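Worksheet for the structure shown next.
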Amino acid sequence: MAKPRDAALDAMRGIGIVLMVLGHSGFAGSDFIYLFHMALFFMLSGYFFHMTGEGAALRRFCLRRVAALWLPFVLANTAFTVCNNLFLRLNILTGDPRILELPGNQVTGPVTLRDIVGRTAHWCVFDGGTQLGGALWFVQALFQISILYAVVEFLLRRVFPRRDTLLPQGLLAGILLWVGEQCGRAGWNVWGLGIVCSGYSLFFLGVLIRRLGQPARNAPAWGRALAAALAFAVLLALLPFGSVGLAGNQYPGWLFLLVASAAGWVLVYECARLAAALPVLAAALAALGRAAMPVVILHFLSFKLVSWLGLQVLGGEPYLLAAFPTLYTGGAWWLAYTAAGLALPLLAYQPYRLAKRRILQKLGRA
């Protein structure tokens with residue numbers, strides 16, 4: 001009989017997705033969110049990691065990672081490249097040099113069929129990416145980290161068949177974390193390998209949390225609220241000393257990264273456990289968690305709807321629609337961007353989810 005899913009862990013994914021979109025929306029508290037929100041996903045992946053020492057298990061794991069991470073990375077970036085010229089006509093992208101006056105923006109030129117083929121070859125080896133697919137850096141990093149962790153796990157189980165792999169994996173995670181910190185200070189991150197070195201420790205941290213065990217599910221609500229408040233206080237205390245930009249492998253130091261990530265896990269876990277007691281909220285967060293990949297891929301594009309509506313109401317040059325990631329800041333604009341960045345990908349995901357369910361039902365696997 002299958003073990004029932006933990007509603008709190010499903011809710012954690014949903015909370016993480018909300019935090020990711022919120023962090024990109026121009027929200028005033030983005031620096032706080034950046035302390036832990038992407039580390040949370042690496043840790044969740046480590047928490048769910050399980051693999052035996054058999055070669056067949058390693059092959060199955062790698063094939064699942066290819067299907068779940070590598071393929072979406074390539075297809076999404078290729079789709080954005082195919083649509084490049086259409087996006088130029090719609091001002092979703094722009095070749096107008098005035099866009100460079102806005103920080104973080106770039107001029108985009110038209111592409112040819114040869115460009116599409118050439119760039120797709122680059123996407124296949126994680127060499128670069130598209131602006132609208134900018135959040136896919138995480139998908140690349142998670143693929144690289146999980147494959148590396150699985151290979152190391154396989155080798156350790158082969159070399160030491162009767163030994164626990166937790167200690168040697170922890171030692172390797174510590175070494176790679178030091179290497180990752182040095183890479184960040186030197187500004188070296190070729191093929192995202194600096195991120196891989198730093199993120200490996202976060203993946204291991206998730207494995208360690210599962211091994212140690214979570215607090216009892218029946219803990220009182222006041223205890224969970226207190227734990228969440230203490231974790232929140234720790235993160236607030238860390239905030240004046242810097243933030244975490246895992247996309248560029250930037251953080252103040254290895255201890256800062258680990259403490260912020262662990263505090264973020266506690267905060268999100270306890271909030272998710274409280275949310276799990278509210279069926280409607282838990283279901284909404286679980287739905288967002290299931291749609292994590294569509295949200296990662298589509299939320300920057302979804303932001304354009306809010307910018308377009310703002311231009312229609314407030315006026316402005318058409319090229320401003322290409323402002324990345326958002327055109328408008330301040331006030332409550334972050335609410336509109338966050339709503340669009342969550343709702344539109346979720347709606348786009350539903351036809352695929354329903355079609356998949358019907359196919360599985362026909363095959364007798366549902």
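We did not get these values from a lab; they are worked out from the coordinates using the rules stated. Since this is a predicted model, take the numbers as computed values, not measurements. Note that we place each Cβ from the backbone using ideal geometry, even for glycine, and neighbour counts take in every protein chain shown.
Annotation: average projected area of the range 84-205 is 10.0 square nanometres, based on the convex hull of Cα atoms across all directions.
If you take the alpha carbon atoms of the range 106-162 and fit the smallest convex hull around them, that volume is 83 Å³ per residue. Compactness check for the range 203-326: Cα Rg over 2.2 N^0.38 Å is 1.40.
Each 5 Å bin from zero holds the following percent of Cα-Cα pairs in the range 159-242: 3, 12, 13, 14, 18, 16, 12, 7, 4, 1. Which whole-number percentage describes the relative contact order of the range 1-141, with Cα contacts under 8 Å and a sequence gap of 6 or more? It rounds to 20 percent for the range 1-141.
With an 8 Å Cα cut-off and a minimum separation of 6 or more residues, compute the relative contact order for the chain in percent. Numbers along the way, then the final one.
Numbers: 467 pairs, mean separation 111.6, N = 366.
Relative contact order for the chain comes out at 30 percent.
First select every other residue whose beta carbon is under 11 angstrom from the beta carbon of Asn77; then total the charges, Lys and Arg +1, Asp and Glu -1.
Details: positive: Arg119; negative: Asp127.
That works out to 0.
In angstrom, the C-alpha Rg and Dmax of the range 5-125 are 19.3, 57. When the inverse distances between all different Cα atoms of the range 213-258 are averaged and flipped, the Kirkwood radius reads 12.7 angstrom.
If you rank Ile92, Ile116 by fewest surrounding Cβ atoms within 10 Å, what's the result?
On the way: Ile92 22, Ile116 15.
By the 10 Å Cβ count, ascending, the order reads Ile116, Ile92.
The range 7-294 has equivalent-ellipsoid semi-axes of 32, 25, 19 Å, by the square roots of 5 times the alpha carbon gyration tensor eigenvalues, sorted largest first. Shape summary: the range 149-188 maps onto an equivalent ellipsoid whose semi-axes, from the alpha-carbon gyration tensor, are 27, 9, 5 Å in decreasing order.
Sorting Leu314, Leu258, Leu44 by the number of Cβ atoms found within 10 Å of their own Cβ, with the fewest placed first, yields Leu314, Leu258, Leu44. Reducing the range 179-251 and the range 275-298 to their Cα centroids gives an inter-centroid distance of 21 Å. For the range 313-363, the alpha carbon convex hull comes to 107 Å³ per residue, rounded to a whole number.
Seen from all directions on average, the range 1-73 presents a Cα convex hull projection of 6.8 nm². Quick one: net charge around Tyr319, please, counting Lys, Arg +1 and Asp, Glu -1 for every other residue with C-beta under 14 Å from its C-beta. My count for the surroundings of Tyr319 gives 0. Each Lys or Arg adds one and each Asp or Glu subtracts one; over the other residues with Cβ under 15 Å from the Cβ of Ala291, this totals +4. Considering helices alone, the calculated mean residue ellipticity of the chain at 222 nm is -22000 deg cm²/dmol, with DSSP H runs of length four and up weighted by -39500 (n - 2.57) and normalised per residue.
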